[in-house]
1. Check 244, 216 and return the single one that is under 17 Å from residue 277 (Cβ atoms), within 16 Å of the ligand (Cβ to nearest atom) and surrounded by fewer than 24 Cβ atoms within 10 Å (Cβ to Cβ).
2. Which one is nearest to residue 474 (Cα to Cα), of the residues in region 430-450 that are assigned to a loop (DSSP other than H, G, I, E, B) and more than 16 Å from the ligand (Cβ to nearest atom)?
3. Across region 207-226, what is the number of residues that are touching a helix residue (DSSP H, G or I) at 6+ places or on another chain (Cβ under 6 Å) and under 21 Å from residue 104 (Cβ atoms)?
4. Among (1) touching a helix residue (DSSP H, G or I) at 6+ places or on another chain (Cβ under 9 Å); (2) not in a strand (DSSP E or B), which single condition is residue 115 missing?
5. Looking only at region 412-429, how many residues end up being away from the ligand (no atom under 12 Å from the Cβ) and under 22 Å from residue 492 (Cα atoms)?
6. Within the bounds of region 282-292, is there any residue that is within 16 Å of the ligand (Cβ to nearest atom), modelled with pLDDT of 95 or more and within 20 Å of residue 445 (Cβ to Cβ)?
7. Could you list, in sequence order, the residues of region 335-378 that are more than 26 Å from residue 249 (Cα to Cα) and at pLDDT 95 or above?
8. Being buried (at least 20 other Cβ atoms within 10 Å of the Cβ), within 18 Å of residue 388 (Cα to Cα) and within 16 Å of the ligand (Cβ to nearest atom) is the filter here; which residues of region 451-484 pass it?
Ligand SMILES: [Fe+2]
């Protein structure tokens, strides 16, 4: 039934475009002769959400990335995949066929299980005569098994127009078990012909977004296609499995559960959000449990690595109350202290508390998006404390409630994105004045913000005004974490410039956290 229906939808042109081995119902003789008009795997391949016995492998058939349907016929297409035990592709671990559906933009998410724990695997896809390059991924150590060390990378915030993704090229050469991408995988805005920095001066604009502001599924698909054709981004995906979470720009700047700053009608914001979430799912190596339904998706999830590290990947957008005040960098208004607003929502908050109480790993990573330290943002003398109302700094009651549940655990590291700068400091109760209960490490952007650096005197002022803040720096890059049972080391890796290709990477600083002590040492 399915095959008969599909055949009626496939035109002669579609057959020429379509994959030889893939078009459902096409006679074998035709399948062998057909070719795509262009390479169908131009968006690369990826793996993600690794467990101890498997992972997801991802690709999307898209021979014409800026076409409404990616250059694909509106028909399902079968794609072959293989997972190998060795890089030379001599030993096949598993193989199969996955159907790429037009409803999902011909993206494919294959959930592999039944593999050996804690070892690398390699994978690729084939359709007709077309083959992808070989990707490297790995399974994770068995939960509970003694583990001496794990290394992982953290990255996010990659505005395409602000610079090259050179940092991803460097990240692809680091030997990491996994990468966590904290969010802002795309930016939803149209091409900015004139681009201004923080101080209002024009800044270098290295390349343009294709298309206008994203509203429909077609807009978001085109934006992901443009980003995913970036070779540095593809390299980083090829090298390791990723856990991905979204922040705001995968949908629209500063959205929350009920609000969008640029749309006063919530039912219209919900339509845009549904399109954005579908496109996010289509382009990330996520499990089927994260497939969107009814305009929402299950993104918060956990992963455990031996007895060493348990990661709680949070979603600080989908369930969040509207920002207080006007939602930007501004003096504290009454709404900041309101006990009712939430960042995580009741269900996620309870889920996190329960996960932290299990005490079955040396360390807990709380992997989330917006800064938890209630930073005073004044960069010079000013009459009143300024907070970023789109961070936990706008939600005092929710932050204090969460910090209360961390008190006494001594093994919590909160990691954060969003800021386009590095920050490291202690998470202290009572709005930063009380007892330290955890450490927060904020990872800078891959490219957002470009080459423009914060002025040194402004950085010094922020540090002096916030005693819990121990470190900040302003270069594009990523963070590498090396975790052992007794020590957590985070290296802030920065590139010297991103407006020309080939920027050099270096370690700007290292933060060290000893197990049992919510404090950090910077070297
Ligand atoms: Fe960002």
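The values are calculated or read from the model by the stated rules, or taken from the named source; none is laboratory data. What you see is a predicted model, and the numbers here were worked out from it, not measured in a lab. Here the Cβ positions follow ideal geometry from the backbone for every residue, glycine too, while neighbour counts run over all protein chains shown.
1. Numbers: 216 fails: within 16 Å of the ligand (Cβ to nearest atom).
Answer to the selection: 244.
2. 432
3. Summing the residues that are touching a helix residue (DSSP H, G or I) at 6+ places or on another chain (Cβ under 6 Å) and under 21 Å from residue 104 (Cβ atoms) in region 207-226 gives 8.
4. Evaluating residue 115 over (1) touching a helix residue (DSSP H, G or I) at 6+ places or on another chain (Cβ under 9 Å); (2) not in a strand (DSSP E or B) leaves (1) as the failure.
5. Qualifying residue count, region 412-429: 10.
6. Looking for residues that are within 16 Å of the ligand (Cβ to nearest atom), modelled with pLDDT of 95 or more and within 20 Å of residue 445 (Cβ to Cβ), one finds none in region 282-292, hence no.
7. Going through region 335-378, the residues more than 26 Å from residue 249 (Cα to Cα) turn out to be 337-339, 350, 353-364.
Answer for region 335-378, where residues must be more than 26 Å from residue 249 (Cα to Cα) and at pLDDT 95 or above: 337, 338, 339, 350, 353, 354, 355, 356, 361, 362, 363, 364.
8. Listed by number, the list holds a single entry, 474.
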